[in-house]
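To keep things clear, I will list the structure first and then write my remarks on it.
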Amino acid sequence: MPGDATDTGRGLSRRGFLLGGAAAGVGAAVALGADRLVGAGAGLPDQRQAELDAAGLNGARTVTFHGDHQSGIDTPIAAHATYLGLRLLERTDREALARMMRVLTDDAERLMSGEGALADTEPELATVPAALTVTFGFGPELVRRAAGAAAVPAWLGPLPAFEIDALDPRWSGGDLLMVVSADDPVTVAHAVRMLLKDSRSFASLAWRQDGFRRAYGSEVSGTTMRNLFGQVDGTTNPEPGTAGFDAVVWCTGTGATAWVSGGTSLVLRRIRMNLDTWDEVDPTARSFAVGRRITDGAPLTGSREADAPDFEATTAAGNTVISPVAHIARSRPVDSREVIFRRGYNYDVAPAGGGVSETGLLFASFQADVDAQFTPIQRRLDEADLLNEWTTPIGSAVFAIPPGCAPGGFIGETLLA
Ligand code: HEM
């Protein structure tokens with residue numbers, strides 16, 4: 001079972017990390033990603049950690065850095081995430097890339113364990129890791145410079161153009177991705193600064209996107225998030241630690257792209273949500289647009305969030321209860337292979353001009369193959385999806401996420417060593 005550290009071979013977590021599944025209709029609490037979460041990073045006794053948990057304190061929690069996969073994918077999702085997109089400097093060649101990834105790996109490893117980075121100017125800020133994770137991703141240009149065009153997976157590159165897109169280069173593309181997430185925004189800010197300082201002789205910041213979910217302790221862990229439309233968002237998602245999750249998320253590359261085996265891909269879409277026009281819509285129409293009730297996330301054909309939607313059920317008038325162009329009718333996978341793992345965050349920034357809000361979703365999905373899994377879903381949504389009335393993709397980026405590494409190794413070594 002995923003929560004039992006003795007099964008994982010890593011032997012890291014004695015306590016397990018319980019995610020209450022009740023709110024998702026799962027009933028009993030489920031252990032999730034426990035092998036990656038070291039509650040007692042600095043040897044905190046179980047009893048002390050239990051006291052901190054009871055008091056709602058989370059600052060001492062650490063997620064282990066090393067493993068087959070990078071952290072920040074199948075590990076419990078934290079309240080804050082900052083996505084950083086960097087462009088490589090002209091002079092950054094393969095040898096420099098290896099140096100850069102060694103340094104950044106060392107930073108991530110230290111910061112995630114609650115230590116300052118090597119040349120940390122504010123090491124005091126590193127002492128509250130709050131489940132910090134740092135996840136690295138590579139864009140096509142980085143892979144090309146590292147190992148030539150043959151090493152670039154076929155799915156790594158800009159997505160096809162979609163009719164609904166109004167992409168802004170300010171939020172698109174990038175050579176190196178760093179995703180810094182933690183339950184404490186001060187921890188995130190400090191880690192972001194350290195990582196950017198150590199990458200600046202190799203790359204410059206192209207964009208930064210900050211996202212948030214409910215604060216740690218505001219809700220039972222594992223409660224499906226609500227996005228800023230008020231929708232329960234993330235119900236139908238593969239569960240980390242299951243064979244189904246592993247099959248759709250982790251890559252199995254061969255030949256020149258074997259370096260990405262055990263890694264995955266990330267599609268990051270910045271999707272603006274028009275709250276002004278959404279505000280005009282009543283709850284019935286809001287629910288109809290998704291095919292799930294706005295109040296509790298249950299499908300229109302069911303009564304609880306966890307109920308499976310019935311896309312065949314009809315009304316007395318003979319129409320399907322869930323519209324064929326409702327968001328879940330269009331986005332549901334056509335087969336078991338087309339499943340993606342969504343791990344989104346809300347954003348809310350200052351509006352331009354006289355607007356009240358500039359709000360949306362940092363839609364992030366992990367999948368083994370972008371072309372086979374993400375793109376067909378996005379294509380269907382592009383053709384028809386009631387939600388399109390209120391949403392506009394304004395940024396888009398695709399990254400290869402290399403596998404994790406063992407102590408002494410570095411992220412990207414399968415490409416760069
Ligand atoms: C701002 C944009 C979006 C919003 C507000 C949104 C919202 C939602 C909501 C409320 C649900 C139902 C609950 C759930 O299962 O999570 C859902 C389901 C889903 N969405 Fe989205 N979504 C957005 C964009 C996208 C995009 C761009 C994709 C992929 C291309 C996508 C793929 C999915 C999938 C695969 C499901 C689950 C379908 C199922 O099997 O039932 N969504 N979304």
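Which of the DSSP-defined H helices in the chain satisfy a minimum axial length of 20 Å, computed from C-alpha atoms, and a minimum mean Kyte-Doolittle hydropathy of -1.0?
The answer, listed by residue number, is 94-112, 185-199.
What is the dipole size for region 304-417, taken about its Cα centre, with +1 at each Lys and Arg Cβ and -1 at each Asp and Glu Cβ, in debye to the nearest 20? Spell out each step's value before the answer.
Details: 8 positive and 15 negative charges, 27 e Å.
Dipole of region 304-417, to the nearest 20 debye: 140 debye.
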Tell me, what ³J(HN,Hα) does each residue in region 301-316 have, in order and in whole Hz, if you take phi through Karplus 6.51 cos²θ - 1.76 cosθ + 1.60 with θ = phi - 60° and put x for Gly and Pro? 9, x, 10, 10, 4, 7, 5, 6, x, 10, 7, 9, 4, 10, 7, 4
By average Cβ neighbour count within 10 Å, what is the ranking of 365-373, 115-123 from highest down? 365-373, 115-123
Within the chain: Cβ-based charge dipole about Cα centre, in debye rounded to nearest 20 (Lys, Arg +1; Asp, Glu -1): 540 debye
Take the alpha carbon atoms of region 93-172, find their center, do the same for region 332-398, and report the distance between the two centers in whole angstrom. 21 Å
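Bear in mind that the values in this text are calculations on the coordinates, not laboratory data. All figures in this text were calculated on a predicted structure; none of them were measured in a lab. Cβ coordinates were reconstructed from backbone atoms using ideal geometry, including for glycine residues, and neighbour counts include every protein chain displayed.
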